[in-house]
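*Asks:* Take this structure, written in structure tokens, and hold onto it; I'll ask about it next.
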Amino acid sequence: MSQANKIYFEDRSIVTPGDLIAEGEFQVPWSPYYYKVNGKYYSGITGLITVKDGSMFEVIPLESSRYYPKVGDTIIGLVEDIEIYGWVIDIKSFYSAYLPASSLLGRPISPGEDVRRYLDVGDYVIAKIEAFDRTISPVLTVKGKGLGRIPLGTVMDIMPVKVPRVIGKNRSMIEVLTSESGCEIFVAQNGRIHIKCANNLIEEALIEAINIIQSESHTKGLTERIRNFLKQKLGVIRNDSAPKTEANT
Amino acid sequence: MIQLQKPKLILENGLRTDGRKLDELRPIKIELGVLKNADGSAIFEMGNTKVIAAVYGPKEMHPRHLALPDKASLRVRYHMTPFSTDERKNPAPSRREIELSKVIREALESTILLNLFPRTVIDIFMEVLQADAGTRLVALMAASMALADAGIPMRDLIAGVAVGKADGSLVLDLNEQEDMWGEADMPIAVLPSLGQVVLLQLNGFMTPDEFRRAFELAQKGISSIYALQKEALKNKYLEYKEE
């Protein structure tokens, strides 16, 4: 193409709906967050724009309480309802997902069997999205390592669009969270986080840290700030609880 | 306050009854995320007109058979609170409110990227807290800000303003008196970046030449409203950035 490709925004600036992002032909993947008319790319949401070497751009939304399902994503679902052959699962999306009982049991369900014995309303499951497109609601599967019902721990909710920030570049943020707190953390793509901590105080500090990440996700130097926050917070807790643990042993 | 006689709308000094110039907007205030339970919400104030809007969704449509197979449906309610007017307004939806809900829905349908969410529904509620001319446009803008707050993808924000004719001269952003006693009232709402009109109504009389000039005047007002809307959206995040 003879016309020059032009991006009108600098890296890490904020765009609002209707902002002209770029003009020309770009090899950018499809995204619901921008659209193209007559060779012009416009933003569809309030978001943060990242520009890579002047030829690629990406719009990261700052707001959105719902998850856009994608086949292959690992998600944490909440059992919402029970049907004859499976469960209706809330995945924080605009569609409810369906988990067939045969996926959990590894065999077809026998007539008259009560699936409530295996999963009940209010249970959390880690599952993978097996099928989803515009015409059918997401279908889940729990076949695979680490998938299935969550027996213990805490599940917290964040905005699904903040998941990449909680994980961080090359898992830097999640590394900080796990190493500083010593908790087991699993971040699912749909904005639910499964936490297993040694005690409640650490858990509370960790949840506070994750909430900070959520509200300040667009700022710079956040990973270091979170590290300091956890160090300070957990230092106090460890000092306070040290005598108690000794008494227990 | 009930006036029985037409007041002078343009005073001797060339200003309007509320002291504005002919092409001056009323002061605008925008607040985002005012409701905890809604996915997105906004309060939009323009002079004495004040509207709160809330957005819920996209979510699954119940009953299922009403869902559209290829796109999201919109359910829009424009409503005036009983205390929004001089005399108590009956809270039951009036003919006028049903019609305004429809024109607002059609304006919003042209900006929201509905085809991204087939089989779902987006609920939008607008409550007029205080009415002083121009409620349909303030409601529409409040809804578009609430949608942006909810993170629902759309083509553009909607900005709109009314132009009218008072005592023979064109005026921007009518107030209650000009609305009641003026010769014409034309609300216009557009998608400013794309240059598309999404709502245009005309009450009264204008010559073709007046219509053209009124449209240009509206565009001038719209561009300054649009700038304020963008600023409101960005301000939410700038607080943190400055730290």
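*Asks:* Roughly how far apart, in whole Å, are the Cα centres of segment A:1-41 and segment B:75-142?
*Replies:* Distance between centres, Cα-based: 32 Å.
*Asks:* How shielded is B:226-235 by partner chains, expressed as the average number of their Cβ atoms within 10 Å of its Cβ atoms?
*Replies:* The shielding value for this peptide is 3.
*Asks:* With angles folded into 0 to 90 degrees, how steeply does helix B:135-150 sit against the dominant principal axis of chain B? Use alpha carbons for both and round to 10.
*Replies:* Computed tilt is about 30 degrees.
*Asks:* Same structure again: Any idea what % of Cα-Cα pairs in segment A:1-89 are farther than 23 Å?
*Replies:* 39 percent
*Asks:* Which residue fluctuates the most in chain A, going by a Gaussian network model with Cα springs under 10 Å, if the choices are A:R225, A:R238, A:R134?
*Replies:* A:R134
*Asks:* For a bin width of 10 Å, list the pair-distance distribution of segment A:74-178 built from all Cα-Cα distances, rounded to whole %.
*Replies:* Over segment A:74-178, the share of Cα pairs per 10 Å bin runs 14, 42, 31, 11, 2 percent.
*Asks:* Highest GNM mean-square fluctuation, chain A, Cα pairs closer than 10 Å: which of A:I14, A:I185, A:I210?
*Replies:* It is A:I14.
*Asks:* Rounded to the nearest 0.05, what FRET efficiency do B:L4 and B:Q196 have when you use their Cβ-Cβ distance and R0 = 41 Å?
*Replies:* 0.45
*Asks:* Which percent, to the nearest 5, of DSSP beta bridges fully inside chain A are antiparallel?
*Replies:* Restricted to chain A, the bridges split so that about 95 percent are antiparallel.
*Asks:* Nearest 5 is fine: what % of DSSP beta bridges in segment B:26-235 come out antiparallel, could you say?
*Replies:* 85 percent
*Asks:* Same structure, new question: Take every residue in peptide A:16-26, count the Cβ atoms of other chains within 10 Å of its Cβ, and give the average of those counts.
*Replies:* Average per residue, whole number: 5.
*Asks:* Counting Lys and Arg as +1 and Asp and Glu as -1, each charge on the Cβ, what is the dipole of segment A:145-249 about the Cα centre in debye, to the nearest 20?
*Replies:* That gives segment A:145-249 a dipole magnitude of about 380 debye.
*Asks:* Distances longer than 34 Å among the Cα atoms of chain A: what percent of all pairs is that?
*Replies:* 32 percent
*Asks:* Considering the Cα positions of segment B:26-235, please state its Rg to one decimal place and its Dmax as a whole number of Å.
*Replies:* Answer for segment B:26-235, Rg first and Dmax second: 16.9, 53 Å.
*Asks:* Averaged over its residues, how many other protein chain Cβ atoms are within 10 Å of peptide A:37-48's Cβ atoms?
*Replies:* That works out to 4 on average.
*Asks:* So what is the relative contact order of chain A, in percent, for Cα pairs below 8 Å that sit 6 or more residues apart?
*Replies:* 14 percent
*Asks:* How long are the semi-axes of the equivalent ellipsoid of the protein assembly as shown, taking √(5λ) for every eigenvalue λ of the Cα gyration tensor, in whole Å from largest down?
*Replies:* 48, 26, 23
*Asks:* Which of the GluC sites (Glu not before Pro) across segment B:1-52 are loop residues per DSSP, with 15 or fewer other Cβ within 10 Å?
*Replies:* B:E12, B:E24
*Asks:* To the nearest 500 deg cm²/dmol, what mean residue ellipticity at 222 nm is calculated for the protein assembly as shown from DSSP H runs of n ≥ 4 alone, each contributing -39,500 (n - 2.57), summed and divided by the residues?
*Replies:* Rounded to the nearest 500, it is -9000 deg cm²/dmol.
*Asks:* So, one more: Just how large is the dipole of the protein assembly as shown about the Cα centre, in debye to the nearest 20, putting +1 at every Lys and Arg Cβ and -1 at every Asp and Glu Cβ?
*Replies:* The dipole magnitude comes to about 900 debye.
*Asks:* Select from A:I207, A:I237, A:I167 the residue whose mean-square fluctuation is largest in a Gaussian network model of chain A (Cα-Cα springs shorter than 10 Å).
*Replies:* Residue with maximal mean-square fluctuation among A:I207, A:I237, A:I167: A:I237.
*Asks:* Sticking with this structure for a sec: Expected output is a single nm value to one decimal: the length gained when fully extending between A:K36 and A:I174, i.e. 0.36 nm times separation in residues minus the C-alpha distance. What is it?
*Replies:* That works out to 46.2 nm of additional length.
*Asks:* Taking chain B as the reference, fit the longest principal axis to its C-alpha atoms, fit the long axis of helix B:208-241 to the helix C-alpha atoms, and give the angle between the two in degrees, 0 to 90, nearest 10.
*Replies:* 50 degrees
*Asks:* What do you get for the angle between helix B:95-109 and the principal long axis of chain B? Use alpha-carbon atoms, 0 to 90 degrees, nearest ten.
*Replies:* For B:95-109 against chain B, the angle is about 60 degrees.
*Asks:* Set the Förster radius R0 to 35 Å, insert the Cβ-Cβ distance between B:D70 and A:L78 as r into 1/(1 + (r/R0)^6), and round the FRET efficiency to 0.05.
*Replies:* Here the calculated transfer efficiency is 0.75.
Coordinate-derived values only; no laboratory data. None of the values given here were measured: they were computed from a predicted structure. So basically every Cβ, Gly included, is an ideal-geometry build from the backbone, and we count neighbours across all protein chains shown.
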